[in-house]
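Some notes on the structure that comes next.
Please treat every number below as a calculation from the coordinates, not as lab data. This is a predicted model, so every value here is computed, not measured. Virtual Cβ from ideal backbone geometry, glycine too; neighbours counted across all protein chains shown.
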Amino acid sequence: MTSTKRDFLAVTDFDRDGLLHLLERARRLKSGEEGGPLLAGKSLAMIFRKSSTRTRVSFEVGMTQLGGHALFLSDRDSQMGRGESMHDTAKVLSGYVDGIMIRTFAHAEVEELARHATIPVINGLTDLLHPCQVMADLQTVQEVFGPSLEGRTVAWIGDGNNMANSWLNAASRLGFRLRLACPEGFDPDADILARAGSAADVALTRDPAEAAEGAHVVTTDVWASMGQEAEAQARATAFAGFGVDEALMKRAAPEGIFLHCLPAHRGEEVSAGVIDGPRSRVFQEAENRLHAQKAILAELLG
């Protein structure tokens, strides 16, 4: 079992140097400069209370490539589905495996799991934060523009959701400019916004064109995330005018790129011409989930 425990629940669990170290390690793992069975004999329990494509495949493949083993646990296949507490789950799993990745709804569940586990816990997604995804996004930005993120401008367009909150956390640590365009009533978490605003150049606007002006990165997400399906029609009305299309991308820097954490709804939050166009890096970004998470796994479980 891991002798020293460190969790990755939020980007802000690491300082600037720690995040840059993770990103450099992700680069080395992707290039093949670092590799091999770094986690030989290690096991990762993967708790999925929300279904997934990229999170499950990238963590499972990542553990395999590092020489370890991943176990899939959903409510359907575990006692969590019958009400076993996070306290008890954390204690039991700590005696079996070397780390836990959890993808769930309430962020409080991840915090409780980490509080009682004696092994590292990784946040694979909550309704509040999606730190692993933003690490893959940052790796993609570095691949396009170089290792320094300072002086870059990122425009977030749409819902102030877990991805917007994670971009705020990243900006507060890494010093890039962040412009968020969100409709009234769909702002990011107020505490996260305030903390980021005290540490970085962050602005919130109601105008997507203002946010995108001169941006090196334009990024968005679906308007109704998992668990919000009943709100889809109301959200579509609220988010009218917040789609990323070719006209909006023309406002970005000439070398600016488009990112999306996927899955995407073409014709809603992004046009097909943008997501499938020459400025899109979404599939490079999706692949980088594997490499960024391998760096996190190697750092925490190694």
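Consider just the alpha-carbon atoms of the chain and return their Rg together with their Dmax, both in angstrom.
18.7, 55
How compact is the range 45-110 by the rule of thumb for globular proteins, expressed as Cα Rg over 2.2 N^0.38 Å?
Working: Rg = 11.8 Å, N = 66, 2.2 N^0.38 = 10.8 Å.
Compactness ratio reported: 1.09.
Sort R279, R206 by Cβ crowding within 10 Å, fewest neighbours at the top.
On the way: R279 17, R206 13.
Going from sparsest to densest Cβ surroundings: R206, R279.
Tell me, in nm to one decimal, what length is gained between A203 and S31 on full extension, where the rule is 0.36 nm per residue of separation less the Cα-Cα distance?
Values: separation 172, 0.36 × 172 = 61.92 nm, distance 3.53 nm.
That works out to 58.4 nm of additional length.
Counting Lys and Arg as +1 and Asp and Glu as -1, what is the net charge of the other residues whose Cβ lies under 15 Å from the Cβ of M80?
Numbers: positive: R49, K50, R76, R82, K91, R103; negative: D75, D77, E84, D88, E109, E112.
It works out to a net charge of 0.
Taking K and R as +1 and D and E as -1, what net charge do the other residues with C-beta under 14 Å from the C-beta of L66 add up to?
Working: positive: R25, R28, K30, K42, K294; negative: E34, E60, D98, E299.
Overall, the nearby charge balance is +1.
Cut-off 10 angstrom, C-alpha nodes, Gaussian network model of the chain. Which of H107, H130, H216 fluctuates the most?
H107
Using Cβ contacts closer than 10 Å as the measure, can you line up T140, T153 from fewest to most?
On the way: T140 24, T153 20.
By the 10 Å Cβ count, ascending, the order reads T153, T140.
Helix hunt in the chain: which complete DSSP H runs extend at least 24 Å axially by C-alpha with mean Kyte-Doolittle at least 0.0?
The qualifying helices are 282-301.
What does the charge dipole of the chain about its Cα centre add up to, to the nearest 20 debye, if the Cβ of each Lys and Arg holds +1 and the Cβ of each Asp and Glu holds -1?
680
What ³J(HN,Hα) values, in whole Hz, does the Karplus curve 6.51 cos²θ - 1.76 cosθ + 1.60 give for the range 253-260 when θ = phi - 60°, with x put for Gly and Pro?
4, x, 8, x, 10, 10, 10, 7
Please rank W223, W156, fewest neighbouring Cβ atoms within 10 Å first, as an exposure proxy. Walk me through the numbers on the way to the answer.
Details: W223 25, W156 31.
Fewest-to-most Cβ neighbours within 10 Å comes out as W223, W156.
Whats the longest run of the chain with zero GluC sites (Glu not before Pro) that are DSSP loop and have at most 13 other Cβ atoms within 10 Å?
On the way: sites that count: E33, E84, E150, E184, E255.
Here the longest run is 185-254.
Taking the alpha-carbon set of the range 187-302, what are its Rg and Dmax in Å?
16.0, 47
How far apart, in nanometres, would the label points at F283 and Y96 be if each is projected 7 angstrom from Cα along the Cα-to-Cβ direction?
Rounded to a tenth, the inter-label distance reads 3.7 nm.
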